[in-house]
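*Asks:* Got a structure for you, written out below as structure tokens; questions coming shortly.
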Amino acid sequence: MHTVDYILIILYLVGLFYIGVFRQRKDSTAGDLIVGGRMLTLPAFVASLVSTWYGGILGVGEYSFKYGLSNWLVFGAPYYLAALLFALFLAKKARQSQLLTIPDRLAQTYDTKTAVAGSVVIYLMTVPAAYVLMLGVLGEFLFGWPFWVGVLLGTLFSIVYVFAGGFRAVVRTDVLQFGLMFAGFVILLVTVVYTYGGLSFLQANVPSTHFTWHGGNSGWYIAIWYVIALATLIEPAFYQRCYAARNAHTAQIGIFISIGCWMFFDFMTTSCGLYARALLPDLSEPLGSYPALAMLVLPAGLMGIFALSLLSTVMSTVDSYSFIAASTFGNDIVGRLGKMSDRGIIYWTRLGLVISALLAVGVAVFFHSVVDIWHAFGSIGTPALLIPVFFSFVGNRRLPAGWAFMSILLSGGLSAVWLAAKYFRDDCSYWFGIEPIFPGLIVSIVLFLLFSSEEQTVNCLPGRK
């Protein structure tokens, strides 16, 4: 890192602050704060969704470095398919519902108790601990800071403009970060291909397993990620942007375009991971493979742009998920404890932003593994919410309110206990060798099959605007 690189980073941070804080209209209603008045255009929809949903850039680098092309089958293909299902079955219905959050739909379809239970699960799923952890790692690699300094400073800066500007600030900054995340990897990939050559160079310098579909992992391990990817169907970032879109068509087409953007970005990140493995085979920390590769091949100035690419990719997710967690806290948990005015929801949402940031820092310091955080929260949240949320929009079979509430508690609780039990076993293995997502998911499916019934009309309480 040279002086010019640091100057670029400072300009980026000043630009974020200006866009997020000073170029904002005051939010007068909960709808203004949480979904920006439902005025999200197609370009802004795509830029915001693409940048928000790809925050795990260092985890992708770690996996590509270790296992090669199978990165596409683990962190690519299952999520493209799940996003496609969302676009086909949920995007338009979510926008037409005129709601603000997923718990609003749970309350509309079931009851307030079910909505609160779902809110707690969503809150825990959206606390951005994995991405806060990556900010700490980036601080270590790029600036030489202690891990905790990167965590605290990165988190603080990521929520300042969100505190001031709400969802509009998230979207405005996402547009800038979208451009930077692609620019940095285009520069890095073009540089390594031009300098070292293409496929023949990689084939000669990386293990042969890196070009297999499994990368040396078992098919069972890869299959698990296809189940975890179903969390996309309950992904709050997708719903929030659909609720905020100008119309249902924008929501659906926006997801189709976003899938194409993710595929192109995965092509670049997987390729760069292979080059990192070829050029830095003895790298002790694969989580830092991308910054290490960039420092090896990029000159001053271009290194700064690539650093901005990494920061933008992570920060766009930290700010978005921090805000979703905050709005879940203010609108869906505290807001359902009693009648609350828009001013009250705005106040509690901003307080929730601070609480969520502190919780994210604590979890990041405890886990110290991006993939472990994804795995843990996905294994609990997916079985708890997948069936109740998906079938609240699709089809006309519904669980009774009481059983919907029990489904969330029993399936999520079973998976949580199954996950926690691993840490109390001498061999640190799961019961019967079964991943915790499956018992909870089976319970949820069985309850739906046993107790759901056909409904000619769905309870359609007016959505909050």
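Values in this text are rule-based calculations from the coordinates and carry no lab data. Predicted model only: the values in this text are computed from it and were never measured. Virtual Cβ from ideal backbone geometry, glycine too; neighbours counted across all protein chains shown.
*Asks:* To the nearest 10 degrees, how steeply does helix 302-327 sit against the main Cα axis of the chain, on a 0 to 90 scale?
*Replies:* 10
*Asks:* Extension gain Tyr221-Val394, at 0.36 nm per residue separation less the Cα-Cα distance, in nm? Spell out each step's value before the answer.
*Replies:* On the way: separation 173, 0.36 × 173 = 62.28 nm, distance 2.97 nm.
Gain on extension, Tyr221 to Val394, equals 59.3 nm.
*Asks:* Please report Rg (one decimal) and Dmax (integer) in Å for the Cα set of segment 222-355.
*Replies:* 19.9, 60
*Asks:* Once you keep just the Cα pairs under 8 angstrom separated by 6 or more residues, what percentage relative contact order results for the chain?
*Replies:* Working: 785 pairs, mean separation 146.1, N = 465.
Once normalised by length, the contact order is 31 percent.
*Asks:* Could you state the number of Å between the C-alpha centres of segment 328-342 and segment 123-165?
*Replies:* The two parts, judged by their Cα centres, are 27 Å apart.
*Asks:* Same structure again: Please work out, to two decimal places, the log10 of the ratio I(q)/I(0) at q = 0.16, 0.18, 0.21 Å⁻¹ from a Debye calculation in which every Cα of segment 107-239 carries one identical scatterer.
*Replies:* So the normalised log intensities are -1.27, -1.31, -1.28.
*Asks:* Let me ask something additional. Assign unit charges at the C-beta atoms only (+1 for Lys and Arg, -1 for Asp and Glu), then state the dipole size of segment 103-199 relative to its Cα centre in Debye, rounded to the nearest 20. Let's see the in-between values first.
*Replies:* On the way: 4 positive and 4 negative charges, 31 e Å.
Once rounded to the nearest 20, the dipole reads 140 debye.
*Asks:* Add -39500 (n - 2.57) for each DSSP H run of 4 or more in the chain, then divide by its residues: what number comes out at 222 nm, to the nearest 500 deg cm²/dmol? Can you show the working numbers first?
*Replies:* On the way: 20 runs with 324 residues, N = 465.
Taken over the chain, the calculation gives -23000 deg cm²/dmol.
*Asks:* Hey, another quick one. Can you give the local net charge around Leu287? Use residues other than it whose beta-carbon is closer than 14 angstrom to its beta-carbon, Lys and Arg +1, Asp and Glu -1.
*Replies:* -2
*Asks:* Please report the net charge: other residues with Cβ closer than 13 Å to the Cβ of Asp111, K and R +1, D and E -1.
*Replies:* On the way: positive: Arg105, Lys113, Arg336, Arg398; negative: Asp104.
In short, +3.
*Asks:* Then there's this: Hey, could you pull the Cα Rg and Dmax for segment 113-157, both in Å?
*Replies:* For segment 113-157, the Cα-based Rg and Dmax read 14.6, 48 Å.
*Asks:* I'd like to compare 135-142, 158-165: which one has the highest average count of other Cβ atoms within 10 Å, and what's the full order after that?
*Replies:* In decreasing order of mean packing, 135-142, 158-165 become 135-142, 158-165.
*Asks:* Also, quick follow-up: With r as the distance between the Cβ atoms of Glu454 and Met295 and R0 = 56 Å, compute the FRET efficiency 1/(1 + (r/R0)^6) and round to 0.05.
*Replies:* Working: r = 61 Å, r/R0 = 1.08.
Computed FRET efficiency for Met295 and Glu454 comes out at 0.40.
*Asks:* A follow-up question, please. Ser200 versus Met263, label points 7 Å from Cα toward the beta carbon: distance in nm?
*Replies:* 2.9
*Asks:* What whole-number value in cubic angstrom gives the convex hull volume per residue for the C-alpha atoms of segment 91-185?
*Replies:* About 138 Å³ per residue, rounded to a whole number.
*Asks:* May I ask you to evaluate 6.51 cos²θ - 1.76 cosθ + 1.60, the Karplus curve with θ = phi - 60°, for each residue of segment 400-410 and list the ³J(HN,Hα) values in order in whole Hz, giving x for glycine and proline?
*Replies:* After applying 6.51 cos²θ - 1.76 cosθ + 1.60, I find x, 4, x, 6, 4, 4, 5, 4, 4, 5, 6 Hz.
*Asks:* First check a/c for segment 327-443, with a ≥ b ≥ c the square roots of the eigenvalues of its C-alpha gyration tensor; if it is under 1.5, answer rounded, and if not, answer prolate when a/b is larger than b/c or oblate otherwise.
*Replies:* oblate
*Asks:* Here's a follow-up. What list of ³J(HN,Hα) couplings, whole Hz, do you get for segment 150-156 from phi and the Karplus terms 6.51, -1.76, 1.60, once you set θ to phi - 60° and write x for glycine and proline?
*Replies:* Result, ordered by residue: x, 4, 5, 5, x, 5, 4 Hz.
*Asks:* From the C-alpha coordinates alone, can you work out the Kirkwood hydrodynamic radius of segment 81-137, in Å? Working shown, then result.
*Replies:* Values: mean 1/r = 0.0751 Å⁻¹.
Hydrodynamic radius (Kirkwood, Cα only) of segment 81-137 equals 13.3 Å.
*Asks:* What is the helix-to-structure angle for 342-367, meaning the angle in degrees between its Cα long axis and the longest Cα principal axis of the chain, kept from 0 to 90 and rounded to the nearest 10?
*Replies:* Result, in degrees: 50.
*Asks:* Above 32 Å lies some portion of the pair distances; for the chain, what is it as a whole percent of all C-alpha pairs? Please report the intermediate quantities before stating the final value.
*Replies:* Details: 39813 of 107880 pairs.
Of all Cα-Cα distances in the chain, 37 percent exceed 32 Å.
*Asks:* Can you give the three extents of the C-alpha atoms in segment 1-132 along their principal axes, from longest to shortest, in whole Å?
*Replies:* For segment 1-132, the Cα spread along each principal axis is 56, 43, 28 Å.
*Asks:* Something else: Got a sec? How would Asp32, Asp342, Asp174 order by Cβ neighbour count within 10 Å, fewest to most? Could you put the intermediate results ahead of the total?
*Replies:* Numbers: Asp32 20, Asp342 17, Asp174 28.
Going from least to most buried by this count: Asp342, Asp32, Asp174.
*Asks:* Okay, next question. Name the aspartates and glutamates eligible as straight-distance cross-link partners of Lys422: C-alpha to C-alpha under 12 Å, and not fewer than 8 places from it in the same chain.
*Replies:* Glu435
*Asks:* Normalised by the residues of segment 235-353, what does the relative contact order come to in percent, with Cα pairs under 8 Å and at least six apart?
*Replies:* 19
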